[in-house]
Structure formats: structure tokens, C-alpha cells
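**Student:** My structure is below; once you've seen it, I'll send some questions.
The values are calculated or read from the model by the stated rules, or taken from the named source; none is laboratory data. Note that the structure is predicted; figures quoted are calculated from it, not measured. Every residue, glycine as well, gets a Cβ built from its backbone with ideal geometry; the counts of neighbours run over all protein chains shown. Side chains are part of the model used for accessible areas, which takes the heavy atoms of the whole protein and leaves out ligands, DNA and RNA. Shrake-Rupley method; radii C 1.70, N 1.55, O 1.52, S 1.80 Å.
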Amino acid sequence: MDFQEFINIKYYDNTVGEYLLCAGILLFGFLFRKFASKNISHLSFRFFKKFARNKFLTEFDGFLKKPIQVFFELVFVYIAFYPIHLPTTWNVMLFKGMNVNELITVVFDLFLIGSITWIVLRTVDFISLVLMDKASETEDTTDDQLVGFFKELSKFVLVIVAVFVVLGVVFKLNIAAIVTGLGLGGLAIALAAQETLSNLLSSFIIFIDKPFKAGELISTNSITGTIEKVGFRSTRIRTLEKSLVTVPNKSLIDSPLNNITLSSFRRVKFTVGLLYSTKAEQLRNVCKQIEETLIAHELIDNDFTVRFSDFGASSLDIVVNYFVTTNSWDVMMEVKQEINYRVMEIVETNGCEFAYPTQTIHIEKQ
């Protein structure tokens, strides 16, 4: 038997030559897939070279090399198996009227559309990386938030489009009928996704109204922390305890919010309680020296209050209220500590004592 006769031998409705050709294409694709994906990635970067200012080539390869490699492998699998015919004995119905050949085609199309979607999503990641680099050059952090927001929004839209492509191209469904059905059932969907839609609308309000930006310190009814990221549905806040809290955007819009970063001052208020045995002159001296301390401190605003305010249940109360000219929590705490130590020294040097809750009981003898 010569070689020509050998390659013309048929097994399962295909010749040996067709099987060898299929194996050869698969081997070629396996050996050159990484080389081809890298070069295709470098070639694709030329379209973004001007936009990326001739930077981020390594990052571009990191984003697109793997999905391009998967797409390249699928193309070689298609080319390799295109001449191969499934045996007629395999032509049986498996799932919803589809035979083996049709089912394999559906699975392949799903993987192919999935790989293309993966490439597009990674391209969006790369574009966002370049835009974020440009946004970092400005002092305003609003553009940083917008880049992250539209990145998530774009990827969400692309996934929805990919789903419709799969339904229309792979499963041959009537997209117009599906859209019409969604329109008729829009009310039910809106009711079911009411919370999600509210958070989505709240995210737009945050970007338009700008009550806060990434990097700013805010305080709500229950959380105080630094904004790390304003997302599509929620906002991530790094609390003073260094924990990361994810808050729905609707909650931030509906509740009172204090943007501490935009504040010029941090307020400190406390009460000094002295014993009832304290003389009036001592009390005046304590108030006067606390005022002098506040005036002398370079980080304390002149708008302060030191007053003998109340005759408490067990103490003579002096209210101290002042503003530290910073919005930094750490600086404010340092100043507060200095003033607290000084108040203790003033009380001690004037021969006074701090009061604590006490009761005096008088017993009368009959």
C-alpha cells in the first residue's frame, strides 16, 4: 500500500488525509499561539499608541494577550475541524431538536462570542487605565470617579449586548420579540429591581451634585471614613477603624452627610466640672487662663467660648468650645490632647479639683 492509498482510507466518513490535516493545523496552532497572540497584541497597540502617548505597552499585553490567544486557538480549532464530517451514525437528536453537529456548533459559537466579548472588555480596562493616568495628573478627583463609573457602565452595557448577540445569532431567537416582551414586562422588572435602579440613579446624582469625591473624609449618621471609590451601585468607604465598608449609593443620598474635607475647621467641645468647694475667684482664674491658652495656640481660631455655664448636680461646669483650623482628624486630636493637658495643669495650679458624681445624705435624729 503506497502513501496515496493510505491517506485515502476512510474511518468514520473521513479520510486519513483529512485527519492528518486536522492534526497538523491543531499542532501548528498550538505551537504558534503564544507567538501569534503577542504579535497581534503589539500590532493592535498601534491603534492606541497615540491615545496612550506611547506608554502602557506592557499593560496592554497583560490585558489582551490571553484573550487574543484564546480567540486565536478557537480560530485554529474551527479551521482544523472544518473539513471533518461527523459520522452519520452520530446524527441523533440530543437537545431540543438539535443533533450532535448542531450542538457542537452552538457550543463553539458561544466560546467564540465569549472570547470576542472578553477582548472588548479588556480593551475597556486598558482605555480606563490610560484615562485614569491622565486624570491623576489633575488635582480634582472628580474625573477619577467618572472614569471608574463609566468603565463599569460600559462593561455592563457590553455584557448585555453580548447576551442579545448570543440569543439572536446562536439560538436564533427573535430579538425584536424579546425586546417587546421586556417592554410589556417592564413594570414588573422595575418593581423587582427597584432598589438597584434607585442606587443607579443615586450614582448619577452623586456625579452631578458632587457632595463628595474620592479621597475626601465624610461623616453620615452611622459611618465616618474616607471615600475610596464611587461605583455603579455602591460607594466604598475606608472607616477610621481601617475597615472597608460598602454603602449603597441611595443611602448616601437620602441621609444627612457631612463632608469633613470641605470643612475649614474641626470643632472641639467639652465640659470641665469642678468641686462645689471651688471659690469664685478660683473659677474666674481657671476660665481666664483657659482663654489665654486658646488665644496663644496657633492652630485654634479666635472664635472660641469659655464660660462658667451651669451649677451641675455635683459640679460647677465650665463649657469649653473652640475650633481647630484644620480638617485633619490626626491634627485635631493632637491639638485636643495639648489643650486637655493644659486644662489639667490650670486646674491644679489654682488649687481646684475635678468633680465626679457624688451624693450627700443628711440623716436627722428624732
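**Student:** Are any residues in region 318-361 open to solvent by 100 Å² or more (accessible area, probe 1.4 Å) and closer than 19 Å to Leu299 by Cβ, and if so, which ones?
**Tutor:** Trp329, Asp330, Glu334, Tyr341
**Student:** Take the residues in region 1-43 that are assigned to a loop (DSSP other than H, G, I, E, B) and not acidic (Asp, Glu), then tell me which one is nearest to the chain's Cα centre (by Cα).
**Tutor:** Across region 1-43, the extreme among qualifying residues is Tyr12.
**Student:** Let me ask another. So which pairs qualify, if the first residue must be in region 243-266 and under 20 Å from Thr326 (Cβ atoms), the second must be open to solvent by less than 50 Å² (accessible area, probe 1.4 Å) and of a type in the set (Lys, Arg), the Cβ gap must be under 8 Å, and the two must be at least 6 apart or on different chains?
**Tutor:** Ile260/Arg266
**Student:** In region 134-154, what residues are open to solvent by less than 60 Å² (accessible area, probe 1.4 Å) and closer than 27 Å to Ser115 by Cα?
**Tutor:** Val147, Gly148, Phe149, Glu152, Leu153, Ser154
**Student:** Do we have any residue at all in region 233-255 that's closer than 15 Å to Ser203 by Cβ and at pLDDT below 85?
**Tutor:** Taking every residue of region 233-255 in turn, at least one turns out to be closer than 15 Å to Ser203 by Cβ and at pLDDT below 85.
**Student:** Same structure, new question: Just to confirm my filter: which helices (runs of 4 or more DSSP H) fall fully inside region 138-214 and include at least 3 residues that are modelled with pLDDT of 70 or more, small (Gly, Ala, Ser) and within 30 Å of Asn259 (Cβ to Cβ)?
**Tutor:** Details: elements: 142-165, 175-184, 186-192, 194-209.
Passing ranges, in order: 194-209.
**Student:** (1) open to solvent by 80 Å² or more (accessible area, probe 1.4 Å); (2) part of a loop (DSSP other than H, G, I, E, B); (3) at pLDDT 90 or above; (4) not aromatic (Phe, Trp, Tyr): which one isn't true of Glu364, the others all being true?
**Tutor:** For Glu364, the failing item is (3).
**Student:** Can you run down the residue pairs with Cβ atoms below 9 Å, 6 or more apart or on separate chains, where the first is in region 164-177 and farther than 20 Å from Asn101 by Cβ and without any contact (Cβ under 8 Å) to a residue 24 or more places away in the chain and the partner is of a type in the set (Phe, Trp, Tyr) and open to solvent by 60 Å² or more (accessible area, probe 1.4 Å)?
**Tutor:** Partner pairs satisfying both residue conditions: Ile175/Phe164.
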